[in-house]
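K.L.:
Have a look at the structure that comes next, please.
Read-outs throughout are calculated quantities, based only on the coordinates presented, and are distinct from any laboratory measurement. What you are looking at is a predicted structure, and each value in this text was computed from that prediction instead of being measured. Glycine gets a Cβ as well: all are built from the backbone with ideal geometry, and neighbour counts include every protein chain shown.
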Amino acid sequence: MLEVNDLHVYYGGIHALSGVSFKVEEGEIVTLIGANGAGKSTCLKAISGLIQPRSGCIRLKGQALMGIPAHKIAEAGVIHVPEGRRVFANMTVLENLEMGAFARSDRSGIEKDLREVFRRFPRLEERKYQLAGTLSGGEQQMLAIGRGLMARPKIMLLDEPSMGLSPILVREIFDIIKSINAAGTTVLLVEQNAYMALQTAKRAYVLETGFLTMEGPCDKLLADPKVRSAYLGE
Amino acid sequence: MELLQQIINGISLGSIYALIALGYTMVYGIVRLINFAHGDVYMAGAYIAYLIANRFSEETVWRFPLILLASMGGCSLLGMAIERVAYKPLRNRPRIATLTTAIGVSIFLENLVRVAIGPNFLGFPEIITRTSWEIKGITISNVQVVVPGCTVLLVLVLHYVVHKTKAGKAMRAVSFDRDVAMLMGVNVDNTIRITFAIGSALAAAAGVLVGIAYPRIDPYMGIMAGLKAFVSAVLGGIGIIPGAALGGLMMGVAEVMAVQLFSSSLKDAIAFVVLIVVLLVKPTGLLGKVASEKV
């Protein structure tokens, strides 16, 4: 589904990603874990076109994405739910969800997906005429995910969906991610909460200061002593 | 009675400032640029109307609306051209570069009109036949009805566009968070272009209305009007659309009152007094909120 090959990204003189390669197969949840500043968000931004990599190759179902403007990448079905939720605080919940479907014109399909999002997140329906800025952190995260779903993504890039949430909400968010995946959306998940991410995903890649250092099935990484000491606090 | 008369006069003038201020605030909202060439787009709007009105002097009820629409159309093209040629190449540069360029565009437009049409004051043709009524000692001319009437109509249309259309939603999204708007599939370049087109069309409308209300135009008419409209936008809260309309009206009334109560030499000074007071007392403007970030 998504294939990233030998990706190099620089911020000025800083080499943020040094030859990162990974892939996500259709229907999978793949997670990218690593410490703060390892380059996880940079990876997602490079895929969604927010930053231009120096070199490398990014393909969605064989179609090259690099160099294409970000809004075209979104139209192609790669939907990036950014770190820190970034909902449109000055718009209502409903308007935020409509923004999610911005690139679509199939009115009945949008209506159907809106009902589906409200079924999944009843809190959002209760608050649909409320300004998004007045929602709690957890509700904003649900709105950010709901907004992403409104685009009917082929693949969803989730950046730190659990950030700043209470443990109960963290669990809830990861359950939601699993159920979205079960409903047919491929997910690339970036997380600092390595334990939850490894429990949720099928395969994982470990990123350290711009290099991929480990990869494999999640159950294997969960048992790996290096992963346990570096990311699971043992 | 005298007071009421002055308020009516002030509302006419304020409507014109309001229309210009809307363009300032919309462009600021979306690209964080104080477009100092905006006043000159208003001037261009008046000149386009002047040129058309002199070609088609046939007296019909359609004369005014057709001239208004033609001028608005012409200026929206001008606004998009300015954005494309002068601002777009500087999109990701320090803001001071674009600001300086805006001043350059302003000087260019003024001198272009000066060379092409002439530096002198020109009488604006009477595209609406003036009549006036006297009600209980207050004189109201039809122009004083048409000018605020057009402004209200245009503000309502703008409100509809910004809140109900896809382009309007894109504008609000880009102005709130450009990156996330892109992630939603919004074409940012198009959205910025549309914003310049709409803002410039409103400035053109102000140019036509000022020609009707104060029938004298010159290549430098945009400088002072533009500055006052800029202050109006700051007064209402820069980037906030209803704020610009409100600020413009208040500025018009304040100016007329300053002339009435103190001296006509204070006509232009009052705008800057307002600016200083706003910056001291409530820098975010009347409708502005203190920016706070939720983490």
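K.L.:
Of all the Cα-Cα pairs you can form in chain B, what percent are over 35 Å apart?
P.N.:
Value for chain B (Cα pairs over 35 Å): 16 percent.
K.L.:
Related question: For chain B, what does the helix formula give at 222 nm: sum of -39500 (n - 2.57) over DSSP H segments with n ≥ 4, over the residue count, nearest 500 deg cm²/dmol?
P.N.:
Here the helix-only value at 222 nm equals -24000 deg cm²/dmol.
K.L.:
Here is a follow-up. For labels at B:Ser57 and B:Asn120 in the simple 7 Å Cα→Cβ model, what's the distance in nm?
P.N.:
Computed distance between label sites B:Ser57 and B:Asn120 equals 1.7 nm.
K.L.:
More than 19 angstrom separation, counting every C-alpha pair in the stretch A:68-179; what % is that?
P.N.:
41
K.L.:
Running Debye on the stretch B:103-218 with equal point scatterers at the Cα sites and no solvent, what base-10 log of I(q)/I(0) appears at q = 0.16, 0.18 Å⁻¹?
P.N.:
Relative scattering, expressed as log10 I(q)/I(0), comes to -0.93, -1.01.
K.L.:
Right, another one. Order by neighbour count: A:Thr134, B:Thr98, A:Thr31, fewest other Cβ atoms within 10 Å first, most last.
P.N.:
The fewest-first ordering by Cβ neighbours comes to A:Thr134, B:Thr98, A:Thr31.
K.L.:
Treating the beta-carbon of each Lys and Arg as +1 and of each Asp and Glu as -1, no other charges, what is the dipole magnitude of the stretch A:87-233 about its Cα centre, to the nearest 20 debye?
P.N.:
With Lys and Arg at +1 and Asp and Glu at -1, about 340 debye.
K.L.:
Still on this structure, please answer the following. So what's the stretch B:139-295 giving for Rg/Rh, alpha carbon basis, Kirkwood Rh from the mean inverse pair distance?
P.N.:
With Rh from the inverse mean 1/r over Cα pairs, Rg/Rh is 1.01.
K.L.:
Based solely on C-alpha atoms, express the radius of gyration and the Dmax of the stretch A:114-159 in angstrom.
P.N.:
Looking at the stretch A:114-159, its Cα Rg and Dmax stand at 10.6, 30 Å.
K.L.:
OK, next. Near B:Gly211, within a Cβ-to-Cβ distance under 12 Å, what is the net charge of the other residues, with Lys and Arg +1 and Asp and Glu -1?
P.N.:
Summing Lys and Arg as +1 and Asp and Glu as -1 gives -1.
K.L.:
Given an 8 Å cut-off on Cα distances and at least 6 residues of separation, report the relative contact order of chain B as a percent.
P.N.:
Across chain B, relative contact order equals 37 percent.
K.L.:
If I fit a long axis through the Cα atoms of helix B:221-236 and take the longest principal axis of the Cα atoms of chain B, what angle between them do I get, 0 to 90°, rounded to 10?
P.N.:
Orientation of helix B:221-236: about 60 degrees from the principal axis.
K.L.:
Also, I was wondering about something else. Per residue, what volume in Å³ does the Cα convex hull of the stretch A:7-68 take up?
P.N.:
Here the figure is 88 Å³ per residue.
K.L.:
If you fit an axis through the alpha-carbon atoms of helix A:137-149 and take the longest principal axis of the Cα set of chain A, what angle between them do you get, 0 to 90°, nearest 10?
P.N.:
90
K.L.:
Any idea how far the Cα center of the stretch B:52-107 sits from the one of the stretch B:148-184, in Å?
P.N.:
Rounded to whole Å, the Cα centres lie 19 Å apart.
K.L.:
In debye, nearest 20, what is the charge dipole magnitude of the stretch B:148-288 about its Cα centre with +1 on Lys and Arg Cβ and -1 on Asp and Glu Cβ, if you could check?
P.N.:
So the magnitude is around 280 debye.
K.L.:
Further question on the same structure: Could I get the Rg over Rh figure for the stretch A:1-138? Both from C-alpha atoms, Rh via Kirkwood, rounded to two places.
P.N.:
My calculation puts Rg/Rh at 1.01.
K.L.:
Quick one: if you take sqrt(5λ) for each eigenvalue of the C-alpha gyration tensor of the stretch A:132-234, what semi-axes come out, biggest first, whole angstrom?
P.N.:
Here the semi-axes work out to 25, 16, 12 Å.
K.L.:
Quick one: helix A:167-182 against the long Cα principal axis of chain A, what's the angle to the nearest 10°, folded into 0 to 90?
P.N.:
So the helix axis and the longest Cα principal axis differ by about 90 degrees.
K.L.:
Kindly flag which residue pairs out of A:Lys23/A:Lys178; A:Lys112/B:Lys169; A:Lys128/B:Lys289; A:Lys154/A:Lys226; A:Lys178/A:Lys220; A:Lys112/A:Lys178 have an alpha-carbon separation exceeding 28 Å in this structure.
P.N.:
From A:Lys23/A:Lys178; A:Lys112/B:Lys169; A:Lys128/B:Lys289; A:Lys154/A:Lys226; A:Lys178/A:Lys220; A:Lys112/A:Lys178, over 28 Å: A:Lys154/A:Lys226.
K.L.:
Pairs of Cα atoms under 8 Å, at least six residues apart: use those to get the relative contact order of chain A, whole percent.
P.N.:
Contact order relative to length: 28 percent.
K.L.:
Run a plain Debye calculation on the stretch B:160-234 (Cα atoms as equal point scatterers, no solvent) and give log10 I(q)/I(0) at q = 0.23 Å⁻¹, rounded to two decimals, same order as the q list.
P.N.:
-1.01
K.L.:
Let me ask something additional. With both bridge residues required to lie in chain A, what share of the DSSP beta bridges run antiparallel, to the nearest 5%?
P.N.:
55
K.L.:
Then there is this: Over chain A, what portion of Cα pair distances is larger than 30 Å, expressed as a whole percent?
P.N.:
When every Cα pair of chain A is considered, 22 percent fall beyond 30 Å.
K.L.:
Next question, about the same structure. By a straight-distance test (C-alpha under 16 Å), which aspartates and glutamates pair with A:Lys202 as possible cross-link partners, with residues fewer than eight away in the same chain excluded?
P.N.:
Straight-line reach from A:Lys202, under 16 Å: A:Glu25, A:Glu26, A:Glu28, A:Asp175, A:Glu191, A:Glu215, A:Asp219, A:Asp224.
K.L.:
Place +1 on the Cβ of every Lys and Arg and -1 on the Cβ of every Asp and Glu in the protein assembly as shown, take the dipole about the Cα centre, and give the residue among B:Leu78, A:Pro225, B:His163 whose Cα lies farthest towards its positive end.
P.N.:
Among B:Leu78, A:Pro225, B:His163, the one farthest towards the positive end of the dipole of the protein assembly as shown is A:Pro225.
K.L.:
Would you calculate the convex hull of the Cα atoms in the stretch B:38-167 and tell me its volume per residue in Å³?
P.N.:
Value for the stretch B:38-167: 175 Å³ per residue.
K.L.:
Quick check on the exposure proxy: order B:His38, B:His163, A:His80 from fewest to most C-beta atoms within 10 angstrom.
P.N.:
Ordered from fewest to most neighbouring Cβ atoms within 10 Å, B:His38, B:His163, A:His80 come out as B:His163, A:His80, B:His38.
K.L.:
Then there is this: How large is Rg over Rh for the protein assembly as shown, taking Rg from the Cα atoms and Rh as the Kirkwood inverse mean of 1/r across Cα pairs?
P.N.:
1.08
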